[in-house]
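Colleague: Pasting a structure here, questions to come.
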Amino acid sequence: MKLSDFDFDLPDDLIALRPARPRSSARLLLVRDEEFCDTRVNRLPEILRPGDLLVVNDTKVVPGALDGHRIRESKSKISLNLVQDLGCGRWRALAKPLRRIRSGDRLEFGNKLWATVIERSDSGIEICFNVKGDAFDRALSDRGKAPLPPYISSRRNIDRYDRTDYQTIFAERPGAVAAPTASLHFDNALRNNLSDNGIGIAAITLHVGEGTFLPVKSESIGEHRMHAEWGEITTAAAEKINAVRDAGGRIVAVGTTPLRLLESASGPRGELNAWSGETRIFIKPGYRVRSVDALLTNFHLPKSTLFILVAALAGQERVRSIYRHAVSERYRFYSYGDCMLLFLSGI
């Protein structure tokens, strides 16, 4: 399969620059077999059945977008996105402009926060901060911004609203460099309404990594190698998910990240045990999903691993039809956009 098989045209004005308010008022495209229904996220308690279970990602986004100055002979502006915590104050980061940065450079971000460049590669830099632990967390909270994707940050300034807009209500465990965006549609009112209707929620953790920012570069998608992301499914979460499945309830992954983690940890029939580790799973057409009955997900970028994942579940022709409908009905796309609920065939 070629990467060009997963391309589509999208008008720029359909890229959402702000989320819906309230969150659960976002539009929802319900997809069952060949049938489409245009509705809203806040109708989920009516769409799902008592006994169903939503599986969410409880990762918490680190405010890892930093603006500062490179100090060498003179000052020059730089922007960083922290993408991987290497421990002991060291981080991997994406940098702009990368070509101006050299090993040994000092990068200053204000409020006594600075870092030394350890190494530069073609894809980013490795740096070491001057503070660690709680002191670093406080400094980053003060100086860092929400790491919005370029299709938003290039069109407007990141502001104080993004600190909360780009964090889900399930966020508990810091470690993500991007939000699990399907969960951004949930607010407390919707969570309570789901509970009142007998629909459960289970939380697992996958820290979204730098692969979120990086494009697929190989024309043959079989040659693409996913970046490793750390995840965990606790014993309690695994038992809850297995119990729902055994009782005949449906498992709905809220986003591609919990789906990828569930598939990484599932047995042949979708059964789960407690699991912890790194996953590089790349779900593409030809892959048979075992762990879920439906996927709630945003509308993704063309030629991205996320769009390819949806094509694996829906089929390539069907996903093209879904996206044509979304464009014609002017759904809002990408991280702050609307979403779809895709039921696997026969569910």
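Colleague: Under the rule a/c < 1.5 gives rounded, and otherwise a/b versus b/c splits prolate from oblate, where does segment 68-150 land using the Cα gyration tensor?
Modeller: Taking the square roots of the gyration eigenvalues as a ≥ b ≥ c, segment 68-150 is rounded.
Colleague: Ok, one more. What does the charge dipole of segment 1-123 about its Cα centre add up to, to the nearest 20 debye, if the Cβ of each Lys and Arg holds +1 and the Cβ of each Asp and Glu holds -1? It would help to have the intermediate numbers written out before the result.
Modeller: Working: 23 positive and 19 negative charges, 215 e Å.
Once rounded to the nearest 20, the dipole reads 1040 debye.
Colleague: So, one more: Which order, highest average first, do 137-148, 193-204, 47-58 follow once you tally other Cβ atoms within 10 Å for each residue and take the mean per peptide?
Modeller: Top to bottom by mean Cβ count within 10 Å: 47-58, 137-148, 193-204.
Colleague: Continuing with this model, one more query. Give me the accessible area of L98, 1.4 Å probe, in Å² rounded to the nearest 10.
Modeller: For L98, the solvent-accessible surface is approximately 40 Å².
Colleague: By its C-alpha gyration tensor, with a ≥ b ≥ c as the square roots of the eigenvalues, how is segment 159-316 shaped: rounded for a/c under 1.5, else prolate for a/b larger than b/c, else oblate?
Modeller: In terms of gyration-tensor shape, oblate.
Colleague: What does the helix-only formula give at 222 nm for the chain: each DSSP H stretch with n ≥ 4 adding -39500 (n - 2.57), the total divided by the residues, and the result rounded to the nearest 500 deg cm²/dmol?
Modeller: On the way: 9 runs with 79 residues, N = 347.
Estimated from H runs of four or more residues: -6500 deg cm²/dmol.
Colleague: Place a +1 charge on the Cβ of each Lys and Arg in the chain and a -1 charge on the Cβ of each Asp and Glu, then give the dipole magnitude about the Cα centre in debye, rounded to the nearest 20.
Modeller: So the dipole magnitude of the chain works out to roughly 1000 debye.
Colleague: Also: Select from segment 244-347 those GluC sites (Glu not before Pro) which occupy a DSSP coil region and have at most 15 other Cβ atoms within 10 Å, ordered by residue number.
Modeller: Answer by residue number: E271, E329.
Colleague: Let's see if you can work this out: charge +1 on each Lys and Arg Cβ, -1 on each Asp and Glu Cβ, no other charges. What is the dipole magnitude of segment 234-347 about its Cα centre, in debye to the nearest 20? Please list the in-between numbers first.
Modeller: On the way: 15 positive and 9 negative charges, 73 e Å.
Result for segment 234-347 is approximately 360 debye, rounded to the nearest 20.
Colleague: Next question, about the same structure. Place +1 on the Cβ of every Lys and Arg and -1 on the Cβ of every Asp and Glu in segment 33-161, take the dipole about the Cα centre, and give the residue among V62, G133, F109 whose Cα lies farthest towards its positive end.
Modeller: The residue sitting most towards the positive pole is F109.
Colleague: Report which label in (1) 21.0; (2) 24.7; (3) 22.3 holds the value of Kirkwood radius over Cα pairs in Å derived from the coordinates of this structure.
Modeller: Read-out taken from this structure: (1).
Colleague: Measure out, as a whole number of angstrom, how far apart the alpha-carbon centroids of segment 81-110 and segment 234-266 sit.
Modeller: Comparing the Cα centres of segment 81-110 and segment 234-266, I get a distance of 36 Å.
Colleague: OK, next. Out of the GluC sites (Glu not before Pro) in segment 1-92, which ones are loop residues according to DSSP with at most 12 other C-beta atoms within 10 Å?
Modeller: Those satisfying the criteria are E34, E73.
Colleague: Mind ordering 167-180, 292-305 by average Cβ neighbours within 10 Å, highest first?
Modeller: 292-305, 167-180
Colleague: Among L259, V327, A95, whose Cα sits farthest toward the positive end of the charge dipole of the chain (+1 at Cβ of Lys/Arg, -1 at Cβ of Asp/Glu, about the Cα centre)?
Modeller: It is A95, whose Cα lies furthest towards the positive end.
Colleague: With all protein chains present and a 1.4 Å probe, how do D338, D5, D13 order by accessible area, largest first?
Modeller: From most accessible down to least: D13, D5, D338.
Colleague: Are any of the pairs K2/K96; K60/K145; K145/K284; K77/K112; K60/K132 more than 22 Å apart by Cα-Cα distance, and if so, which?
Modeller: Numbers: K2/K96 30 Å; K60/K145 14 Å; K145/K284 33 Å; K77/K112 17 Å; K60/K132 19 Å.
Going by Cα-Cα distance, K2/K96; K145/K284 fall outside the 22 Å limit.
The values are calculated or read from the model by the stated rules, or taken from the named source; none is laboratory data. The structure presented is a predicted model; accordingly, all values stated were derived computationally and were not measured. Cβ atoms come from the backbone with ideal geometry, glycine included; neighbour counts cover every protein chain shown. Note: areas computed on protein heavy atoms with side chains; ligands, DNA, RNA excluded. Shrake-Rupley method; radii C 1.70, N 1.55, O 1.52, S 1.80 Å.
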